[in-house]
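The values are calculated or read from the model by the stated rules, or taken from the named source; none is laboratory data. Note that the coordinates shown come from a computational prediction; the quantities given were computed from them, not determined experimentally. Note that each Cβ is placed from the backbone with ideal geometry, even for glycine, and that neighbours are counted across all protein chains shown. Quick note on the areas: whole protein, heavy atoms, side chains included, nothing else; ligands and nucleic acids left out. Shrake-Rupley method; radii C 1.70, N 1.55, O 1.52, S 1.80 Å.
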Amino acid sequence: MLAFLIKRIGSAILVMLAVAFLAFLIFAVAGDPVEMMVNEQATQADRDALRERLGLDQPFLVQYFTFVINAAQGEFGISYQTQRDVMSLIASRLPATLELVFIASMLSLIVGIPLGVITAIHRGKWFSEGLQFLSIFGVSLPSFVIAILLILVFSVWLGWAPGFGRGETVALGWWTTGLLTPSGRNAIILPAIALALYEITLVMRIVRAEMLEVLRSDFVKFARARGVPRRIIHYRHALRNCLMPVATLTAMNFGTLIAFALVTETVFQWPGMGLLFIQAVLNLDFPIMAAYLVIISAIFVTLNTLVDIIYAVIDPRLRQEKV
Amino acid sequence: MPDTAPAEAVATASPTAEPVLSVRNLSVSFPGRRGVLKALDDISFDLAPGEILGMVGESGAGKSMTGLAVQRLLEPPGHISGGEVHLLGARIDQLPESQMERLRGKQIGAIFQDPLTSLNPLFTVGHQIAETIRVHLGASRREAMDQARDLLRRVGIPSPDERVNHYPHQFSGGMRQRVVIALALAAQPRLIIADEPTTALDVSIQAQIMSLLRRLCDETGVAMLLVTHDMGVIAQTADRIAVMYAGRLIELAPVQEVLRQPRHPYTRGLIGAIPALRKRVPRLTQIDGSMPRLDAIPPGCAFNPRCPDAGPRCRVDRPELTATPTGIVACWMNAGGVT
Ligand SMILES: Nc1ncnc2c1ncn2[C@@H]1O[C@H](COP(=O)(O)OP(=O)(O)OP(=O)(O)O)[C@@H](O)[C@H]1O
Ligand SMILES: [Mg+2]
């Protein structure tokens, strides 16, 4: 177990080092930051002083090492455009993104699980096959198309919910939440649906597949043989046994959703990290781009590592059962 | 005597008691692309209270199918295509599913082959037993849990007060099968269908489980259909033996009679295959060949290609079940000869 832990965490760190290297390369590709930061009248001495202050006179590897050390402490420098600390900029945008992704994840479970159960139980009936067919759209339609359609229908035509911004927010310490105000709750509906649609179909398909598998198992047959009503067999015995893979999927995909949120945030002008990143790309604000890349990857890698470790903790019991 | 109608020929062990289960001319079919497969063909037998009927036969003979048909748990497209099933005098083969659901567990208990996969790994054994009790007897949660403890004690699980809160994976194979037996008994059924209850267990534990089942049948008067392909198990536990071959019942008689004087050549072969009993039947120790597939059953007696005693008649006409002094057998040797 300890060996596994070391191996798994070691590989997570390696991945992060590689990501940090890519992020670091952004600066190399970007050209000389000194030229971007100083004004026209700066003397060569000024430039050299700045270069030294930024550590740009150091060898390449040393610079990379410094970047990693700083990044590990959450220091990504100063935004070229706004001259503000990158980390605090991102921190101010983080709650919006996390709330959006959280609501989308919940939606995918609340809608996806019942749909999966129903399509499994009523396999072969028209509405079950219909849902299964519709879910193909959910998987294959690009999310920006879905977002635009949602805005068009529910915001522009019907005027049910806003298709723009985050509404009013309330500050809880450094965290700002839109979930406590009516306008904030209204504003999150459409972007959350747009972001969740893909995940809903994924959850539905996984639950359906798992249910069909579990419904064939001996303990379900045995439960039928001892007269347990179908409803209880389906929703208590069978569904319970499907939740593990669903929980795994949801945890693993949390990171993916954060990345996908980039598109949703752009279409809905949702003031999250994704929008910040897109604006940074347009403004060639390299420190923000690098920080975004590193932070998203860190969330991603952490979740995956955690899920793997939790599985390894649970696995001995499962293996023991199979003896 | 050879012309006795099969339905009348099916005697119970104690003819006075009303049978718990009465199966008459039962057929099960699977409609398929290449025609209809008859997995069970005209099966008839009775089960008296407290009686254990051992059902033997090669793999695919239709033993499990018989139990599933009685419980109405056949996987579609399989269905009962003929005959009747009576439980405690009431016909159940046509009951709607909702009423059948109430009989399962309540009147008909079940024991499956593999205790490991029969239990839901995510619930404690107490929960699963109490669930069965509550579904059928409407007891409160506390009462049901108390009864679950009693049941665990009755099936011989040590320290039931603790064990009731344990999960299936915390039990050994033999103990787990005892839990399954407790589940089968939970709602005090009149009939138990046990499909190879000891096949998945260690040999040393098999005997314990079988004697437990025997004791429970004697104590509670529950009747049991004991499916197995282990003649040894049946010889020790059952009252009567039913021998199945290619979806047909070919011999049914009290255990001692069958062991002493098997009438069907196939039964003789089966008994010859038990090491401990081999001395008694020195002539035939192994049956050559294998059972025909359901879509390739030969005309006449299904066993004729493998039968050492087959004559011309066996290849043309199918033998009906006819009475012997102690039971019934479907063989031309008992019905006027093979020629
Ligand atoms: N879905 C199905 N479609 C067609 N035939 C089937 C189907 N399920 C089972 N059968 C057939 O029914 C027959 C009886 O099977 P059954 O399970 O009762 O055998 P068994 O005597 O219990 O054998 P075993 O000792 O292997 O458990 C087999 O020949 C099998 O091929
Ligand atoms: Mg079987």
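Ignoring ligands, DNA and RNA and using a 1.4 Å probe, state the total buried accessible area between B and A in Å², rounded to the nearest 100.
So the buried area, both faces added, is about 2300 Å².
In region A:12-86, carbon and sulfur make up what percent of the accessible area (probe 1.4 Å)?
So the carbon and sulfur contribution to the accessible surface is 61 percent.
Compute accessible area for region A:206-227 by itself and then with all protein chains, 1.4 Å probe, and report residues whose area falls by 30 Å² or more.
Those residues are A:218, A:219, A:221, A:222, A:224, A:225, A:226, A:227.
Averaged across the residues of A:240-248, what count of C-beta atoms belonging to other chains lies within 10 Å of each residue's C-beta?
1
With +1 on each Lys and Arg Cβ and -1 on each Asp and Glu Cβ, and nothing else charged, work out how big the dipole of region B:198-339 is about its Cα centre, in Debye to the nearest 20.
Using Cβ point charges on Lys, Arg, Asp and Glu, region B:198-339 gives about 440 debye.
From the mean inverse distance of alpha carbon pairs (Kirkwood) and the Cα radius of gyration, derive Rg over Rh for chain B.
0.99
In what order, largest first, do A:286, A:21, A:102 sit by accessible area if the probe radius is 1.4 Å?
A:102, A:21, A:286
Note down the relative contact order for chain B as a percent, whole number, built from C-alpha pairs under 8 angstrom at least six residues apart.
Normalised by residue count, the contact order of chain B is 22 percent.
Counting Lys +1, Arg +1, Asp -1, Glu -1, what net charge surrounds residue A:128 among other residues with beta carbon under 14 Å of its beta carbon?
Once all neighbours under 14 Å are counted, the net charge is +3.
Treating only the Cα positions of region A:1-135 as identical point scatterers, give the base-10 log of I(q)/I(0) from the Debye formula at each q in 0.10, 0.17, 0.20 Å⁻¹.
Normalising to I(0) and taking log10 leaves -0.63, -1.05, -1.21.
Would you tell me the accessible area of residue B:339, worked out with a 1.4 angstrom probe on the heavy atoms of the protein chains, in Å² to the nearest 10?
Accessible surface of residue B:339 is approximately 130 Å².
Using only atoms on other chains, find how many Cβ atoms lie within 10 Å of each Cβ of peptide B:103-116 and report the average.
Counting other chains' Cβ atoms within 10 Å and averaging over B:103-116 gives 3.
Return the carbon/sulfur percentage of the accessible area of chain B, one whole number, probe 1.4 Å, all protein chains in place.
On chain B, the fraction of accessible area on carbon and sulfur atoms equals 51 percent.
About the Cα centre of region A:204-243, what is the dipole size in debye to 20, counting +1 per Lys and Arg Cβ and -1 per Asp and Glu Cβ, all else neutral?
Approximately 180 debye in magnitude.
Write down the accessible area per residue of region A:35-171 in Å², having rolled a 1.4 Å probe over the full set of protein chains.
Per residue, region A:35-171 has an accessible area of 61 Å².
Order B:315, A:205, B:268, most accessible first, counting only protein heavy atoms with a 1.4 angstrom probe.
Largest accessible area first, the residues go B:315, A:205, B:268.
Looking at the protein assembly as shown, what % of its DSSP beta bridges pair antiparallel, to the nearest 5?
The antiparallel proportion sits near 65 percent.
Set Lys and Arg Cβ to +1 and Asp and Glu Cβ to -1, take the dipole of chain B about its Cα centre, and tell me which of B:79, B:208, B:191 lies farthest positive.
The Cα lying farthest towards the positive end belongs to B:208.
Of A:238, A:190, A:203, which is farthest along the charge dipole of region A:171-264 in the positive direction, counting Lys and Arg as +1 and Asp and Glu as -1 at C-beta?
Of A:238, A:190, A:203, it is A:238.
Can you give me the % of accessible surface on region A:126-210 that is carbon or sulfur? Probe 1.4 Å, all protein chains present, nothing else counted.
It is 75 percent, rounded to a whole number.
Helix check for chain A. Which DSSP H runs span at least 24 Å along their own axis by Cα, with a mean Kyte-Doolittle hydropathy no less than -1.0?
Those that pass (Cα extent of 24 Å or more, hydropathy at least -1.0) are A:2-30, A:86-121, A:182-215, A:239-268, A:286-322.
Provide the solvent-accessible area of residue A:299, counting protein heavy atoms only and rolling a 1.4 Å probe, rounded to the nearest 10 Å².
Probe radius 1.4 Å; accessible area of residue A:299 about 40 Å².
State whether chain A is rounded, prolate or oblate according to the following rule on the C-alpha gyration tensor (a ≥ b ≥ c being the square roots of its eigenvalues): a/c under 1.5 gives rounded; otherwise a/b larger than b/c gives prolate, and the remaining case gives oblate.
Cα axes put chain A in the oblate bin.
Given N residues in region A:77-133, what is Rg(Cα) / (2.2 N^0.38 Å)?
In units of the 2.2 N^0.38 Å rule of thumb, it is 2.04.
For region B:305-339 and region B:14-89, what is the centre-to-centre distance using only Cα atoms, to the nearest Å?
If we compute the Cα centre of each part, the gap is 22 Å.
Please work out the average accessible area per residue across region B:10-155, using the 1.4 Å probe convention, and give it in Å².
40
Please report the accessible area of residue A:65 (heavy atoms, 1.4 Å probe, ligands and nucleic acids excluded) in Å², nearest 10.
Ignoring ligands and nucleic acids, residue A:65 comes out at about 130 Å².
If you average 1/r over all unlike Cα pairs in region A:103-225 and invert the result, what Kirkwood radius do you get in angstrom?
The answer is 16.4 Å.
In what order, largest first, do B:55, A:289 sit by accessible area if the probe radius is 1.4 Å?
Greatest to least solvent exposure: A:289, B:55.
Determine the per residue accessible area of region A:224-313 with all protein chains present and a 1.4 angstrom probe, expressed in square angstrom.
On a per-residue basis, region A:224-313 sits at 38 Å².
Tell me what chain B gives for mean residue ellipticity at 222 nm when only DSSP H runs of n ≥ 4 count, each as -39,500 (n - 2.57), the sum divided by the residue total, rounded to 500 deg cm²/dmol.
Result for chain B, helices only: -9000 deg cm²/dmol.
Please state the charge dipole magnitude for region B:64-195, taken about the Cα centre, from unit charges on C-beta atoms (+1 on K and R, -1 on D and E), reported in debye and rounded to the nearest 20.
340
Mean residue ellipticity at 222 nm from the helices of chain A, using -39,500 (n - 2.57) per DSSP H segment of n ≥ 4 over the full residue count, to the nearest 500 deg cm²/dmol?
-25000 deg cm²/dmol
What value in Å³ per residue do you get for the convex hull of the alpha-carbon atoms in the protein assembly as shown?
224
Cα gyration tensor of region A:222-323, axes a ≥ b ≥ c as square roots of the eigenvalues: rounded (a/c below 1.5), prolate (a/b > b/c) or oblate?
oblate
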